[in-house]
1. Please enumerate the residues belonging to segment 252-270 that are out of contact with any helix residue (DSSP H, G or I) (no Cβ under 7 Å at 6 or more places or on another chain) and over 20 Å from residue 298 (Cβ atoms).
2. What single numbered condition from (1) crowded, with 16+ Cβ neighbours inside 10 Å; (2) at pLDDT 95 or above; (3) at negative phi fails to hold for residue 69?
3. How do the pairs read when you match residues in segment 86-113 that are of a type in the set (S, T, N, Q) with residues anywhere that are surrounded by fewer than 18 Cβ atoms within 10 Å (Cβ to Cβ) and modelled with pLDDT of 95 or more, using Cβ under 6 Å and keeping only pairs 6 or more apart or on different chains?
4. I'm checking my understanding of the structure. Among residues of segment 88-108 that are outside any helix (DSSP H, G or I) and surrounded by fewer than 17 Cβ atoms within 10 Å (Cβ to Cβ), which one is modelled with the lowest pLDDT?
5. Pick from segment 159-178 the residues that are charged (D, E, K, R) and part of a helix (DSSP H, G or I): which of them is farthest from residue 111 (Cα to Cα)?
6. Go through the residues of segment 150-158 one by one and say whether even a single one is closer than 27 Å to residue 189 by Cα and part of a loop (DSSP other than H, G, I, E, B).
7. Within segment 42-69, work out how many residues are in contact with a strand residue (DSSP E or B) (Cβ under 6 Å, 6 or more places away or on another chain) and of a type in the set (S, T, N, Q).
Amino acid sequence: MNSCISAIGTANPQYRTSQNDIYQFMVEAFDLDRNNASRLKAIYENSGIDHRFSVLPDFGKKRSAERLLFQNSKDENLFPGTGKRMDQYQKEAAGIAAAAAKKCLKDFKEDISSKITHLITVSCTGMYAPGIDINLVEMLGLSHSVERTCINFMGCYGALNALKTADYICRAQSDAKVLIVCIELCTLHFQKENTLDNWVANSLFSDGAAAALVENSDHRTGKGNYLMLDTFYSEFIPAAKNEMGWYIGDKGFEMKLTSKVSKLILKHIPGVVKKVLEKAGLVESDVDSYAIHPGGRKILEAAETALGFSRESNKYSYQVLRDYGNMSSASILFVLENILMESSIDNKTILGCAFGPGLTVESMILKKNVQA
């Protein structure tokens, strides 16, 4: 018995800002001189991103008074602490997460909510208790006895862990219907310390939510296209654990993202992919399409170079990066949603990968099926 993704839904907060306007905000926030502003501009122009989303209006507002959290001030006492950022997370996250879940379930019968047996929530950008899981049970009308699992602080590969967990559940319980909801509000964690790590992180991350319904393929409720979950494989690289990190600080969560990450992916991803293919009984030529986490343009290019596939084979990841930026764990489900909706991809084998602190490489094999 196999499990499958029967539907995916996505949502973003209301504030959509161009990469150029965010760049202007950052020049002011970092108080950059002409030389450093030029260096920062090169990062933004080569990011592969056109627009990003935020729960905050701040990044598109030229006047400091119109901003909610990040006013232009050199007084560090006015820079928001972690508590204020988490207040905003608690205020905004559940609504966006519920919007994604409702889109995911919109084509099912009205009683689908009562049939959800398991709820898996994923986030690395905020937490509280009672949390997102309880909120979603109430907002979506799920049973109060639904089995809840929270995957927190795993970074950009969190959704693959959720899919893996859902796969285990559906293989063990044939009538299970597992709702996965990823919600990330990365922009709440803007850091203004003038470092290259912060320049890069602030140029990439965005806010978004994505939901997926996973079922046993023999007991599908969904009638449309679906993605069969075939094989998973995970490995972390201890020698690279200091190159990517996510830490809770007094002024929000602090990202460590060194310039070595793309080079490390280039070096280590071939070995991981070889193992997931061997586990699935496949070879590289069996892969028809790719779903690489759109963590940044350099990461996508590193994966292409290391595995020898074309940009066209990974076009959905570039589309998500361009239109949304890096939404951490939610991003890979945005990519899979595009693949799911594309009717020309039928009975194809898809290789997915995501990366995060560890340095961890999560991989999976999916198979696309189109329903007439």
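The values are calculated or read from the model by the stated rules, or taken from the named source; none is laboratory data. Since we're looking at a predicted model, the values are computed, not measured. Note that each Cβ is placed from the backbone with ideal geometry, even for glycine, and that neighbours are counted across all protein chains shown.
1. 254
2. Against the list (1) crowded, with 16+ Cβ neighbours inside 10 Å; (2) at pLDDT 95 or above; (3) at negative phi, residue 69 comes up short only on (2).
3. Note: pairs meeting the criteria are 90/128; 113/141.
4. Taking the candidates together, the pick is 107.
5. Among those that are charged (D, E, K, R) and part of a helix (DSSP H, G or I), it is 164.
6. Scanning segment 150-158, I find at least one residue that is closer than 27 Å to residue 189 by Cα and part of a loop (DSSP other than H, G, I, E, B), so the answer is yes.
7. 1
For (1) in a loop (DSSP other than H, G, I, E, B); (2) more than 22 Å from residue 334 (Cα to Cα); (3) without any contact (Cβ under 8 Å) to a residue 24 or more places away in the chain; (4) touching a Pro at 6+ places or on another chain (Cβ under 9 Å), each residue gets a yes or a no:
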position	(1), (2), (3), (4)
188	no, no, no, yes
192	yes, yes, no, no
197	no, yes, no, no
221	yes, no, no, no
231	no, no, no, no
234	no, no, no, no
